[in-house]
Each structure stands twice: as structure tokens, then as C-alpha cells.
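Written out below as C-alpha cells is the structure these notes cover.
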Amino acid sequence: MLSCGRVIEQLSKVTRHAHVNHSYRALKYVGRYFIMYFDRNFVNRYQLVRKIPYILFLFLVLYCSLYTANPSTNITFNFLGIFSVNRLWYSNNPSNKKPYKPPGTTIKPEECVPEFKYSTPKRPLPACEAQRGGTCPPTCRPDYTQEDGNGKNGKFPNWKHLLATLIIAGVTIYAISTTEWFTDKFGSQPDTKKKKDTVKRDKRSKDVVKSPAVSKLIPQEVPYLLIGGGTAAFSAFRSIKSRDPKAKVLVISEEESFPYMRPPLSKELWYNTDRATSAKLNFKQWNGTQRSLFYEPREFYTNVDKLMELDKGGVGVATGWKVTKIDATNKIAVLDDGYEIKYDKCLIATGASPKNLPIFESAQDEVKNKIIAYRTEQDFLELEENIHNPNCKNIVIIGGGFLGSELACSLARNYQDKKIFQIYKENYIMAQVLPEYLSEWTTKKAMAEGVNCISNIEVADFSYRNEKLSLILSDGNTIDADQVIVGIGVEANTDLATSSELEVHPIVGGFLVNAELEARSNLWVAGDAACFYDVRLGRRRVEHHDHAVISGRLAGENMTGAGKPYLHQSMFWSDLGPEVGYEAIGIIDSSLPTVGVFAKATEADTPKASLIESTDQERAITQTETENTEKTNSQNDTQSLNSENENENIEKESKKHSDFEKGVIFYLRDDVVVGILLWNIFHRMSIARQVLARGTKYDDLNEVAKLFSIHDD
């Protein structure tokens with residue numbers, strides 16, 4: 001406190017030759033450059049301090065500067081009882097060097113009158129004589145002196161105090177002058193839009209909130225460790241608990257949320273009319289049933305720090321934490337802060353991350369605020385908030401696959417006051433999975449919903465002027481975008497491969513695993529990140545919900561000693577609104593030859609109608625169980641049987657249909673069925689799975705098509 005008082009006392013000496021305004025400017029710039037030198041972001045953080053400290057600092061600085069410019073009395077200011085600032089007055093005449101008088105000293109009247117520059121100059125007093133009652137011996141020499149501006153000796157102030165004073169005063173003045181409080185005080189209106197943009201940037205760039213907050217609360221040793229908090233991990237720990245009820249399972253998730261399902265993020269959630277419901281991530285299925293996006297409520301999970309203390313076991317989820325390395329030999333997982341966790345059995349279920357366009361990844365923050373590479377529940381909440389902004393009128397979706405098409409149809413149907421654009425490089429949407437005639441029909445259906453489809457186009461660049469984002473297309477045209485959604489696919493999260501010495505497939509990606517989904521001894525991989533060997537279809541990596549469910553379940557069983565191979569043919573589904581949907585199994589690739597059988601649809605042939613009899617859980621899980629093949633009678637109705645690799649007239653025959661309302665499409669490779677797509681036909685996946693398992697030939701398709709009873713409904 002004493003040193004602080006000395007520093008403040010030096011301020012009046014520094015500024016005694018300057019006007020208050022000049023001192024303010026000089027100190028302000030000193031403070032600004034000091035801040036910029038040490039930390040460019042210091043001011044932004046400094047502005048978060050409450051207003052009261054600003055006022056106190058400002059008062060202190062103005063106190064010192066004010067009495068420097070207008071010396072009249074000797075004042076002692078007790079600053080909040082912490083330290084005292086004693087005013088030592090100096091004349092504007094540099095030659096006027098009066099001896100220092102401590103407070104309370106009796107002085108002569110003439111000593112109170114300051115001398116002027118026209119008065120007779122006096123001999124400067126030595127330091128020893130200037131003290132009260134002091135005398136100087138003959139050999140007395142002045143203290144350290146230097147030449148002042150008038151050629152006379154003056155006392156040299158301590159340079160440390162001088163520097164500290166400049167820094168403290170400058171930082172204080174500059175910080176206060178740049179705060180919202182300062183601008184509001186003088187009537188300036190804050191830029192609310194910039195404030196919102198700053199909050200949005202902070203929201204995206206903020207550090208993930210970790211739970212527990214410190215790694216020491218996470219058990220150092222666990223029987224079962226699951227890396228990743230998605231569907232595969234959820235399915236795995238449910239399987240583990242079913243086989244080992246007292247199992248203690250620790251889940252490490254990079255996301256801040258507990259395990260949840262992803263399909264509704266592009267479908268049912270957008271049909272909520274109540275934002276309070278969607279904010280809680282609750283939604284209605286097509287059949288009207290209310291459910292949560294999360295698999296289990298928060299109360300289902302055990303506190304991580306209490307996990308190992310429970311006799312009955314449990315499942316604990318550490319959110320916001322990342323595993324950076326796995327020592328498979330010593331069975332140790334290392335967190336991002338270096339904390340080590342020893343395990344007996346471990347599962348990697350890290351999932352996948354959305355791709356983005358390179359031009360957006362290097363864009364400035366203002367542009368990134370208008371772009372979302374859509375994947376997580378946080379992306380949904382942010383996108384929903386942006387879309388409800390009245391200024392958001394043009395929504396551009398990049399990508400013509402599952403995610404882009406589902407989002408485009410959902411938004412066009414539910415936000416008719418917005419313009420929805422879908423940009424894709426193919427001729428039609430879903431062109432990579434549907435045969436061309438069906439892809440064309442689907443595109444027209446999406447356009448009827450209100451989607452503005454822009455085909456055979458890519459985004460080449462963008463421009464950002466006057467807070468307006470415009471996308472520059474590959475054909476030279478531009479399109480204004482208030483919100484951009486990128487849905488161009490995902491890539492497997494395999495960051496652990498290098499540090500953990502695990503193999504990754506060079507083409508399809510994902511961790512290489514054996515038939516039991518095991519990458520190393522006591523180390524399994526499931527979900528989007530697994531590259532497994534299909535005995536019928538070869539090496540594959542599947543990015544669908546059903547695969548995450550079944551592979552996670554099998555991995556959990558094998559972690560408890562089952563030793564089962566992965567022979568499951570996973571299915572996937574997509575809904576382009578409540579009226580058009582399809583389910584598929586196997587290799588669904590539009591480059592393969594296809595055979596399609598179609599019929600006129602009824603009111604029961606829609607995703608909405610199908611869910612009256614079943615739920616999403618049944619659609620994802622129950623449909624994957626083997627069921628008895630339905631017995632059907634032979635039909636004499638005329639069927640449209642098309643094979644793209646048979647003759648040139650097949651496609652023309654297909655296009656004779658005004659509508660492809662429902663049907664079955666077989667995908668062939670070497671005249672063998674390798675994939676089946678059920679178009680607006682539901683509850684037939686068990687039949688499709690058996691047809692695929694039999695290795696059905698092309699010559700048998702005329703009879704096989706009857707098994708799906710598409711003319712019975």
C-alpha cells in the first residue's frame with residue numbers, strides 16, 4: 001500500500017507541465033499500446049469487469065490530474081481507508097523548489113504563496129538543508145541531480161514509479177473509454193448486432209464445459225471404458241448391463257450432452273410448432289407420440305465420482321472430455337490433460353464429424369456465424385434460433401444427399417415464409433443412391449414442397465459486404481444467403497489412430513477391425529468409426545443409425561465374453577416429410593444396375609401411417625431382428641419390372657409411370673442382389689434381409705418381387 005501511494009504521488013510531478021486534456025491523451029495512448037503489446041484480447045476481457053471498479057479508478061486518476069493542473073490547497077485523500085494520497089503541490093515555475101513539509105507542519109505565511117517566473121530566482125537548497133531543521137556540513141553535496149529543461153538542477157524522480165504510473169493511468173483511461181458504460185454515459189448507442197455476433201462467436205469458440213470439472217474426479221481404473229457418447233456407446237453399455245447387471249461402465253464423451261439419437265435432427269424436430277418443446281429437444285413422431293431426443297433422462301446415469309463406490313454398478317458419463325491416446329498393450333487411456341485411466345475392456349465409438357467446404361473453413365468470423373456444418377443437437381438449437389430471426393429470409397442448403405434433402409423438405413414445409421434453396425452438383429437430389437428416374441421424381445416432389453432446387457452447381461466462392469453474405473456459384477451466378485447449412489457428408493473420427501498405433505482403411509476410412517469388431521486385444525470399435533469385413537459385400541464402413549445400434553450391441557456382448565462375429569446387414573431409412581419415405585439394406589449405389597417394381601400407393605403407404613403401427617425404436621431395432629417370411633399369394637396384376645442393364649428401353653418404360661408412389665428397387669452386382677430399397681413400403685425389412693442373405697439372382701426377381709406384396713395393400 002505504501003508503494004501504491006508513492007506511485008500515485010509521482011503522477012502530479014509527471015503532469016505538472018501539461019494541461020489535463022493533453023495528459024489524458026498521452027496516458028490513454030500509452031495504456032493502449034501497452035495492452036496491445038502484451039495481449040491483444042486484454043481489453044475485451046477487461047471490459048467484463050463491473051462498472052464500480054472503473055469509476056473508482058477513474059476518480060483516482062482524475063483526482064491526481066485535477067489538482068496537478070489547479071494547485072490551490074494541500075489535501076490528504078484517504079482512499080477507502082486503504083491508503084492515503086498526500087498532495088504535494090508544485091508551482092508551474094520549474095525553478096520554484098520549496099522544501100517538503102510533512103502534513104501538520106506549521107509554516108510561515110509567505111511560504112504559502114507560490115513564486116512566479118518573474119520573481120527573483122532563489123538558490124536551490126541542498127537535500128540535507130531542505131529537511132526540517134536540517135543543516136549542511138561544508139562537504140555536503142546535492143543528491144542525484146540532472147539538468148532540467150531550464151538548465152537548472154532538479155530532483156530526478158524514480159523511473160520505476162514513473163513507468164508504473166504511466167502504465168496504470170494509461171490502461172485505466174483507455175479501458176474505461178472503450179467500455180459500454182463510457183459510451184452509454186455520453187449518449188452513444190451500443191451496436192446490438194455486433195454484441196450478438198460477439199456472443200455467437202464466443203458460443204462457438206468457447207471451451208467445452210467439462211463434467212466433472214477436473215479429471216481427478218474420474219476413476220483411475222474401470223472395468224469397462226467406452227470412448228464416445230453416441231448411439232453406439234449407448235447400445236454397448238445397455239448390452240453390457242444386460243449381461244453383467246453389476247457392471248461399472250465409464251463413458252467418455254467430447255460432447256456436453258448425454259447420449260441422444262440423431263435422425264430426428266433433420267426430420268421430426270422441425271415439425272414442432274412449440275419452440276418451448278423443441279428447446280427441450282422433445283418432438284412428436286409421425287404417429288403423434290411425444291418423446292425425447294435423449295435415450296435416457298439425466299437421472300438414469302451415475303455420478304462419475306461415485307461410480308466405483310456402488311455395489312450394484314452403474315453407467316457414468318464424463319462429458320466434455322477427450323481421449324487423446326490409447327495404450328492397448330498396457331490397457332491405459334490418456335485424457336487431453338494427461339490424466340490416465342486404466343481399463344479392462346475398452347470400446348472406441350467416436351463416430352464421425354461433418355465435412356465443410358474449404359472456402360468456409362478459412363472465412364472470417366462474421367461469415368462463419370452464418371454457416372453451420374450440421375450434425376449435433378447444439379447445431380439444431382443454433383439453427384432453429386437463427387431461422388426464427390425475421391431477418392433470416394434466404395436459407396441455402398449445400399448438398400443433395402440424405403441430410404440435405406431431409407432438411408430442405410422439412411424446412412420448406414414448416415417455414416413457408418422463408419426461401420429454401422438446395423444446391424447440389426448432381427442432376428437430381430439423392431442421385432447417389434436412387435436410380436435416375438426415381439431421383440428425378442423425388443426432386444420434383446421436393447420442388448412441390450417449396451424447395452428451390454439448383455442442380456449441377458457447386459459453391460465456388462463467397463462475398464461478404466455490408467453484413468450480407470452472397471454465394472458465388474460455379475456457373476458465375478450469385479445467391480444471397482442469410483443462413484447456410486452444409487450437408488455434404490461426414491468423415492470418421494480416427495484421430496486416435498496415429499497416437500494409439502491403430503490401423504485405418506485408406507479408402508473408406510475407419511478403424512480396421514476383425515469379424516468380432518476387435519481392433520486389438522480387449523479393444524473394440526463400433527458405429528461410424530468401424531471399418532468391418534462383410535462376408536458377402538466385402539470391407540465396409542456404414543454411417544447409419546441402425547448400424548450404430550447393432551454394432552454397439554454386438555461389441556458390448558463381446559466385451560462380456562460372447563465372441564460373436566458381426567454378420568448383420570444393417571438397414572437405414574430416410575423421410576422426405578410425412579408422405580415420402582424409404583427403407584434400404586445392403587449396398588445402395590445408383591451406379592449399380594437396378595430392377596424396380598412399382599404400384600399405386602394408398603393412404604397407408606406413408607411414413608406417417610407406418611408409425612401408427614410402430615415406433616422409431618421398432619423401425620431402428622425391431623426391424624433388424626429376423627422374422628418369419630410372410631406368405632403371400634401369387635398376383636396376376638401387371639407389374640413393371642425394370643432392369644437398367646438389360647436393354648435400352650427399360651428407363652423409358654419406367655418413365656411412363658406418372659408417379660413412383662411405392663415399390664421395391666433391387667440393386668445388382670454381377671447379376672446378384674446386393675441391395676434392396678423399399679420405397680414407401682414399410683414392415684418388409686425382414687423379407688429384404690432374407691432375400692439379400694440368399695444371394696438372389698436376377699433371373700429369380702420376378703418371383704421374389706411377389707414376396708413384398710406391394711399390390712395387396
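Accessible area per residue for region 483-537 is 41 Å², calculated with a 1.4 Å probe on protein heavy atoms, without ligands, DNA or RNA.
Looking at this model, which pairs from Lys248/Lys280; Lys246/Lys322; Lys246/Lys306; Lys248/Lys342 are more than 19 angstrom apart at the alpha-carbon? Pairs exceeding the cut-off: Lys248/Lys280; Lys246/Lys322. At full extension, Asn389 and Arg465 could sit 25.4 nm farther apart than now, given 0.36 nm per residue minus the alpha carbon distance. If every alpha-carbon in region 459-508 counts as one equal scatterer, what log10 I(q)/I(0) does Debye give at q = 0.14, 0.21, 0.31 1/Å? The Debye formula, applied to the Cα set alone, gives -0.60, -0.76, -1.20. The relative contact order of region 259-383, computed from alpha carbon pairs under 8 Å that lie at least 6 residues apart in sequence, is 16 percent. What the phi angles of region 493-509 give under the Karplus curve with 6.51, -1.76 and 1.60, with θ = phi - 60°, is a coupling list of 7, 10, 4, 5, 4, 5, 5, 9, 6, 10, 7, 10, 5, x, 9, 7, x Hz, glycine and proline written as x.
List the residues whose amide H sits under 5 Å from the amide H of Arg669, counting only those 5 or more places along or on another chain, with H placed 1.01 Å from N in the peptide plane. Amide H neighbours of Arg669: Val674. Here the peptides 265-272, 478-485, 357-364, 247-254 are ranked by packing, the mean other Cβ count within 10 Å, and the order with the highest first is 247-254, 265-272, 478-485, 357-364.
Here region 205-353 exposes an accessible surface that is 47 percent carbon and sulfur, computed with a 1.4 Å probe and the other protein chains kept in place.
Using 1/(1 + (r/R0)^6) with R0 = 30 angstrom and r between the beta carbons of Gln432 and Tyr295, what's the FRET efficiency to the nearest 0.05? Working from the Cβ atoms, E equals 0.50. Give the calculated FRET efficiency between Asp495 and Lys246 to the nearest 0.05, with a Förster radius of 35 Å applied to their Cβ-Cβ distance. With a Förster radius of 35 Å, E is 0.60.
Potential lengthening of the chain between Leu567 and Gln364 amounts to 68.4 nm, from the contour at 0.36 nm per residue minus the alpha-carbon distance.
Under 5 Å between amide hydrogens, built in the peptide plane, is the criterion, and for Tyr374 it picks out Val486 among residues at least 5 positions away or on other chains.
Pairs of Lys residues in region 416-560, spaced 8 or more positions apart or belonging to different chains, with C-alpha separations under 17 angstrom: 5 in total. Simple spin-label estimate for Asp337 and Gln378 gives 1.8 nm between the two label positions (7 Å along the Cα-to-Cβ direction from each Cα).
Report in % the part of the accessible area of region 407-527 that belongs to carbon and sulfur, leaving out ligands and nucleic acids; probe 1.4 Å.
Percent of accessible area from carbon and sulfur atoms in region 407-527: 43.
The values are calculated or read from the model by the stated rules, or taken from the named source; none is laboratory data. Quantities reported herein were computed from a predicted structural model and do not represent experimental measurements. All Cβ positions, even for glycine, are placed from backbone atoms using ideal geometry, and neighbour counts span all protein chains on display. Keep in mind that these areas ignore ligands, DNA and RNA; they rest on the heavy atoms of the full protein, side chains included. Shrake-Rupley method; radii C 1.70, N 1.55, O 1.52, S 1.80 Å.
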